[in-house]
Every structure is written in structure tokens, then in C-alpha cells.
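Enquirer: Got a structure for you, questions after.
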Amino acid sequence: MQTLVAYVENKPGVLNRVSSLARRLAINIDSLTVGPTQNEEIARMTIVAHTDERGAHRLEASLEKLVDVLLAENISTRALLERDLALIKVSADQQNRPHLMELIKVFRARVVDVAPESLIIEVSGTVDKIDGLLEVLRPFGVLEMARTGRISMTRGGDLLQPPAPDPTNSELESTGLKAT
Amino acid sequence: MKLTGAEILCESLTRLGVREIFGYPGGAILPVYDALGKSKLHHVLVRHEQGATHMADGYARASGGIGVAMATSGPGATNMVTGIATAMMDSSPVVCITGQVSSKVLGSDAFQEIDITGITMPITKHNVVVTRAEDIARTIREAFLIANSGRPGPVLVDITKDAQQASAEFNWEGSAPKLPPKRIRNNHDQAEFDRAIEMLNTAKRPIILAGHGIMVSGAMRAFEQFVRAGNFPVAMTLLGIGCFPANDPLNLGMMGMHGEAWVNNAIQEADLLIAVGMRFDDRVTGDLRTYAKSARKIHIEIDRSEINKNVQVDAALVGDAREVLERLTPHLQTCDHTAWVRHIAELKGDSAVRDIQSLPDNGHLYAAHVINDIWKETRGEAIVVTDVGQHQMWEAQYYHHNRPRTLITSGGLGTMGFALPAAIGAKFAKPEAEVWVVVGDGGFQMTMSELATIVQEKINIKIAIINNGYLGMVRQWQEFFYDKRYVATPLVAPDFAALANAFGIRGERITKRAEVVPTIRSARESAETVLIDFRVEQEDSVYPMVAAGASLSDMIRRPNNPLVETATEP
């Protein structure tokens, strides 16, 4: 499994271009999250892909060829913080509720909705942690589940920032293409 | 100044240096055609939109500039798909402009509405829908910039009819491209560069694999200096032909599936491959597990996604071929590869003797003779545009190109029907050049309607149909690999000379070798288009050959006497 981060133009069709590219390279995407950044014109993607290092290089380099992709980087081997968030609706009656609450506490999850026959549990953390909670919840009866997919960020001073706009449009100059 | 979107488009194209547009009108692009009529742009009416894209492609390849194709929405746009994919695979800068239904009805399955940007997403470098007149100038400028920068490729601009009709302020200076900022990558660090230099200076058996990127980069001079400084023998990909003079002693010719066996053997024996602007296509490498096992590899390539894609390399110099070569050359030490070059010459062995050109006339007409005679008569100076198949490989083997951009052929996609329209585009790009079409009887029938375009535009090209009555390359594969079961390859064709006459074009039919040269001469003397139907040997095959997926070392060689022997299994 390889993790890539991409900064893309925040406009219609870009997600399609990115996912279509992965399809064309026959790379299966495990999860893909998109969200805005502090700059509203730029969105950030975390792509978790079923491929090896070589496949990740191709995906990274091919993504960067897309006009709307500002930067793509394989961060799999770097020190990462990764988070996944899940909402899990689990069936809960009066009898097993206390037991459930114990488990939720152990996993540092929290109950965000209470109904007579069920609870919604919100949990965030690494994929492993959420998978672990899911495992112990299964016997109670998982009724519904929604997961965000992974978001990742390199730790500490290892910054991954979108390139700054180039006011001089140096790319235009360098191609020698000028209006006549 | 207020202009309509259609007028802004025409004005923008004019300012970008466009002279010709290859296209076909229709409902959703009509406002643009109305504006075209009032502009200085010359519109070439094609007979099928695929032809328009191939013409724009041929124009781009012959000139190094950008070719422009235009079509209406729906079927007009979908007919462009093959031509766009052809340009994509061969990194050709083509800008396609399509009309689209009005933005108000987008997504409603309106008449002739199709999601052409969705369809062409994987076969364009970039594509975009424009729904506002005020965005047209900037979008077109961006399309031109994207198409011909970095690794070139096709860009499609889909303009809704209401955007063509609406009025907007035309402000050229204010419409400069505003593309998203890109990370400037440190393409290759000093260590990588030093490693490449070390390899270049210590190799005993180096060989250059020269590709299309040399031409795209305009690196011919830098490449020649690099070759001379290092005394490196040069093998070329199909699209690399012309990047280095064929008559240079260091030029070995084409490599790969139908390259000469001794060229492929030299690659297999090499201790260093220097790949420049090529992408280790399967037609070049054969079986990757046995490919150049004893060679270290340097890859000079502008597209980072090509690095280690097919072949793992020891040094990757990502960048423009000219810049990288100019940086490398001063670091080359005096390299004497005379022994290696002599050894390669020895590898030739009896190849030249087996060559069909060396054999006496036995009354049959061979395609190789026809193409070799065209080469001799044109002194190798014509622009030759080929289709795809046997004739294409014979052209690569028997027409020796000394100058860049004189062989125009569909390499990556292998698009039959490419030659005739691409040659029309090439002629518009180089009106003074002699342009020859070399095409099979199969491919010609795919796009022969463009003969009418030739007549309407009064252009002068020479068309050589290598007519063997078969889909020859497929027949050859059936002969070699399917026990000569010729399924769906025998091909009925019209009388091409009579067909040409019906279009108002002079047509000739040649069946004997003695008639070849006089007919070529007389065709060249004509100021108009001439079509020559060369009825060549029907079951001739292209030799040598690496079977698909076989090792480069394992070639099907020429028969000792191809005039009497039939092909034998390796």
C-alpha cells in the first residue's frame, strides 16, 4: 500500500482526472480523500493505492503531468501522521450497552447519537485502530458504517506545501511561444 | 473592443500564428465558421473529422509548430478521437476545437450533444470546456502553451455555442495564460549527473538509442556534437529517424522489431545504452527479461513518468534533451570506440548480401524496390508520410532520411489511414517541400476520401500505394504464427488509378520493375498530385523480425534468397 499526497486545483472535473489516471494505470485506489486547504483555490488529496513503489512512482509522475495537479508526492517512506475517521452505527440494547461503553472508552471513541436500539460511535485514528474497534463491535451487530478514508501529513519540519503562484509566468517564456 | 466569442477565437488563433485550420462545419460550431469567413485564416475542408486531426498532426510534425483541427459537437467531435489518440501517443502538438451545445442545455442529451471532454480525457494532454466568451482568448492561449511545452501533446477545447455567440471585451494583453503553478523539480542531482558522466567515459561498448524527443527538443545539433565527442554509434527508433543523418558512418539505422539484426545484436552486446528522448517501447525492446542484459543504462527524458517504466535505468537525467546533452558533452573525454564500431560492422555479416536490393531482377515487383527507387529519385530529400504496416517498415529500412521531420508516421498508436491526411497537413506546413505518401492498399481505403480535399485545395503531393492485395502485416503474422491461415486479410480494392481519375487526379498503375523509375520521374515532374498504384509481390514479408514478446537476440532473419525462398521459422 502506498500513500500519495497531491495538491490540485479546486475546480470541477479534477477528481475525475485523478481517478481516471489511476484507472488507466490499472492501479486500485484503496481510499482517496479530498478537501480544501487554507488556500480555497487549492485542494489537497490523500491517495492510498494498492501498488508497489514503482507503481507509486508512475502514479506520482503521471499525476504531476496533469495540468490541474500542482504537486504530487509519494510519502509512503516518510514519518507520517495518518488519520481515518469512522461513524459506526451499532445495535445496542439495555443489556449490552454498558459493555459497549467500556469498549468505546478503551478505544477513545465517543458516542455521538443515542437511540433506543442503537448507538452511533465516532472514532478517529489510524486505520489499524479503527479496524480494531470494528472487530470488537462486530459481535454486537454493526448496522451501518461510514469512513472518510485516510488523510496523511508528514511530521515535523518535513513540509509539503503547494508551489507558490509564479507571477512572471516563466513557463510561457521558457517555451519561446509568444503571440505574434 | 467588443467581439463575439467566435470572433475572439479567430482573432486569438491569428495572433498565435495560425494560418490553416483543418475542419468540418456543423450546427454547434457555425458561429465560429461565420467568423472564420471574415478572418484571414484559411480553412481546409476535410472529408471526415479524423482526417482533420491527422492533417493537424502532419502539419505539427512537419513544422514543429502546432496544428489546429476543428469540428462540430457530437459525431464531429467523436470522429476526431482516433486522430487525437494518434497525436497523444506520438507526442504531437495538436489543438482541437470542437463546438458544443449551448451551456443552458448541457447534460440534457440535446441534439448532437456528447461529453467530448469526458471521452478524450485519457487521450489528451489536457482538455477544457469553455462556456463564456470572455474565457475564450485565455483558454486558447493556454491550450497552445500546453500543447507545445514539455512533452507535447494534443489539447481539446470544447466551446459551447452560446459562448461563441455572446459578446465580450477582447483584451489580448489581459488574456495571458494563467496556468496553475507547478513545482519546479530538481530533475537530476549532481550525483546522478556525475554517475552518467562516469558511465559515458568508461563504457567500452556504448550505443545511443535515439528517439523522437531529439526532434521535439530541437536538439539535432547538440545531439550531433554529443555523438562526435563520444564516438558513439547511434541506433534510432522509428520516430527517431531523421534526428541524425542516415549517411553518417556512426548511424546504424533503426532498432527493434524490424531493425537490422546486427543493430539489435549490437544493443544486446552493449555495455552502455544511452537512451535519448525515447521510451523503451515494446516494439523496441522485445522481451524485457533478455533485453541488453550486460548494459548499464542512462535515460535522458523530459517525462519523469517514463523513467523506469519499462526498463530499470542506472542514471535518469530528466529534462529537455538539448539542455541535458549540452551539459553532458563538455564532460566527455576522448573516447575511441573504433574497435566496437568495427565489431558492429562485422556483425552485419552477410546481411547486405541477403538484402533484396542486392539481388537480380526476377521480373517481380517488390515493395522494397519501389521505396528504394523513390529514395534515389528524390535524393532522400522528400518528406515521406507513411501509413502503418509492411510498407511503413520498408520505408524505414529503404528510405534513408538525412534531415529531421522528413519521416512522418504513426508510431505509438499505429493508426491505419494516417498517411494521406497527414501528408496533406505536412504539405500545408512545408508548401515548398516534395511530399510523398507511402501507403498500403488497406490503409489507403480507410481515408481515401481526402483525395477530394487535395483536389479542392489544389495541392501537389505524390501518392505511392504499395498494393499487395492483402492487409500485408497481418497476413505476415498469419503466415509466421497462424500456419498461413489468411483470415480476413485478402483485400479487394478498387482500381486506384481509375479512382484517382474520378477525383480529377492523375492515376498510374505499375506492375513491372522497369516502369518504376520512369513513373516516379514523370510524377515528380507534374505540378499536380499524382497517384501511383504499385502492384507489388503479394506474399512478401518484412525481414528481419523479432516476434512479439520474443528476445531481441532471437530474430527471424532474411531468407538467403527472398526471391525464391519463402519464409522459414526461426
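Enquirer: Place +1 on the Cβ of every Lys and Arg and -1 on the Cβ of every Asp and Glu in segment B:190-348, take the dipole about the Cα centre, and give the residue among B:242, B:284, B:315 whose Cα lies farthest towards its positive end.
Expert: B:284
Enquirer: For a protection proxy built on the mean count of beta-carbon atoms within 10 angstrom, sort A:65-73, B:482-490 highest first, please.
Expert: A:65-73, B:482-490
Enquirer: Here's something else I'd like to know. Of the listed pairs A:11/B:40; B:104/B:178; B:38/B:427, which have alpha-carbon separations greater than 31 Å here?
Expert: A:11/B:40
Enquirer: Which aspartates and glutamates does residue B:293 reach when only Cα atoms under 20 Å apart count, and residues fewer than 8 places away in its own chain are ignored?
Expert: B:198, B:260, B:269, B:271, B:281, B:282, B:306, B:314, B:554
Enquirer: Return the average number of partner chain Cβ atoms within 10 angstrom of each residue Cβ along peptide B:174-185.
Expert: Mean partner shielding for this stretch: 6.
Enquirer: Okay, next question. How many partner chain Cβ atoms sit within 10 Å of a residue's Cβ in peptide B:303-311, on average, as a whole number?
Expert: That average works out to 4.
Enquirer: Separate question: Obtain the nm distance between the two label points defined at residue B:486 and residue B:191 by a simple spin-label model: each point lies 7 Å from its Cα along the Cα-to-C-beta direction.
Expert: Rounded to a tenth, the inter-label distance reads 6.0 nm.
Enquirer: Turning to a different aspect of this structure: Check each of the GluC sites (Glu not before Pro) in segment A:28-59 and keep only those in coil by DSSP with at most 10 other C-beta atoms within 10 angstrom; list them in order.
Expert: Those satisfying the criteria are A:40.
Enquirer: Within 10 Å of each candidate Cβ there may be at most 13 other Cβ atoms; applying that plus a DSSP loop requirement, which trypsin sites (Lys or Arg not before Pro) in segment B:238-313 survive?
Expert: Those that pass, being in a loop and sparsely packed, are B:293.
Enquirer: May I pose another question? Could you tell me whether chain B comes out rounded, prolate or oblate from its Cα gyration tensor? Rule is a ≥ b ≥ c as square roots of the eigenvalues, rounded for a/c under 1.5, then prolate if a/b exceeds b/c, otherwise oblate.
Expert: Judged from the Cα gyration tensor, chain B comes out oblate (a/c at least 1.5, b/c at or above a/b).
Enquirer: Report, in debye and to the nearest 20, how large the dipole of chain B comes out about its Cα centre when Lys and Arg carry +1 and Asp and Glu carry -1 on their Cβ.
Expert: 760
Enquirer: I need the shape label for segment B:190-348. Rule: rounded when a/c is under 1.5, else prolate if a/b > b/c, else oblate, with a, b, c from the alpha carbon gyration tensor.
Expert: Rounded, because the longest to shortest axis ratio a/c is under 1.5.
Enquirer: Right, another one. Report the calculated FRET efficiency for residue A:81 and residue A:114 (r = Cβ-Cβ distance, R0 = 35 Å), to the nearest 0.05.
Expert: 0.70
Enquirer: In addition: Using a Förster radius of 35 Å, what is the FRET efficiency between residue B:171 and residue B:458 based on their Cβ-Cβ separation? Nearest 0.05, please.
Expert: 0.35
Enquirer: Rounded, prolate or oblate: which one fits segment A:35-170, using the alpha carbon gyration tensor with axes a ≥ b ≥ c (rounded when a/c is under 1.5, else prolate when a/b beats b/c, else oblate)?
Expert: Prolate, since a/c reaches 1.5 and a/b exceeds b/c.
Enquirer: Tell me, what are the semi-axes, in whole angstrom and largest first, of the equivalent ellipsoid of segment A:81-152 as set by the roots of 5 times the Cα gyration tensor eigenvalues?
Expert: 21, 11, 10
Enquirer: Any idea what the dipole of chain A comes to, in debye rounded to 20, about its Cα centre with Lys/Arg Cβ at +1 and Asp/Glu Cβ at -1?
Expert: Dipole about the Cα centre, nearest 20: 200 debye.
Enquirer: Points 7 angstrom from Cα along the Cβ direction at residue B:364 and residue B:350: gap in nanometres?
Expert: Placing both labels 7 Å beyond Cα along the Cβ direction yields 1.9 nm.
FYI, it's all coordinate maths here, none of it is from the lab. Keep in mind that what you see is a predicted model, and the values were worked out from it rather than measured. Positions of Cβ are backbone-derived with ideal geometry, glycine not excepted, and every protein chain shown enters the neighbour counts.
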